[in-house]
1. Would you point out the residue of region 84-112, among those that are at pLDDT 70 or above and surrounded by 13 or more Cβ atoms within 10 Å (Cβ to Cβ), that is farthest from R48 (Cα to Cα)?
2. When you scan region 35-55, how many residues do you find that are modelled with pLDDT of 90 or more and among the small types (G, A, S)?
3. Pairs needed: first member in region 1-17, assigned to a helix (DSSP H, G or I); second member anywhere, acidic (D, E); C-beta distance under 9 Å; at least 6 residues apart or different chains.
4. Select from region 1-26 the residues that are of a type in the set (G, A, S) and modelled with pLDDT of 90 or more and list them in ascending order.
5. Of everything in region 62-82, what is over 17 Å from I51 (Cβ atoms) and outside any helix (DSSP H, G or I)? Give them in sequence order.
6. Could you check how many residues of region 48-80 are surrounded by fewer than 11 Cβ atoms within 10 Å (Cβ to Cβ) and either touching a helix residue (DSSP H, G or I) at 6+ places or on another chain (Cβ under 7 Å) or on the phi > 0 side of the Ramachandran plot (or both)?
7. So, in region 18-58, of the ones that are assigned to a helix (DSSP H, G or I) and of a type in the set (A, V, I, L, M), which residue ends up farthest from Q73 (Cα to Cα)?
8. How many residues are exposed (fewer than 10 other Cβ atoms within 10 Å of the Cβ) and of a type in the set (A, V, I, L, M) when one looks only at region 1-24?
Amino acid sequence: MKKTSLDKEEKDIIDSYERDEWKPIKNTEREIKRLREYARNTLKKDKRINIRMSSKDLDQVQVIAAQESVPYQTLISSIIHKYISGYLIEKKGVLSVSGALRQSPIILPCAA
């Protein structure tokens, strides 16, 4: 039988399970419906904005968006959402995504 190797995140999940930190959900259908509604409201984009920015900044955003394989408008929306949610933090002159939300964090230079 082939031995399975686990990465750190998988090991952490197993350790958490073994420490009995996982609790069953009593009404799974209701909980799924509630969480879907939260996701729908969070992801719903119901407002349009127009902003002016320098060509240089827009070019840099478009390069990063291409590297991430997302449209640049989606990247800008994501950056704004992460910033207001507290997941985009400044560290020594750069903004980075906190926590394990992304495999490869977006790092943006901050104005000096």
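The values are calculated or read from the model by the stated rules, or taken from the named source; none is laboratory data. Quick caveat, the model's predicted, so the values are computed rather than measured. All Cβ positions, glycine included, derive from the backbone under ideal geometry; neighbour counts span all protein chains shown.
1. I89
2. 2
3. D15/E21
4. S16, the sole residue that qualifies.
5. Result: S69, V70.
6. 1
7. Here the residue is I32.
8. Matching residues across region 1-24 total 1.
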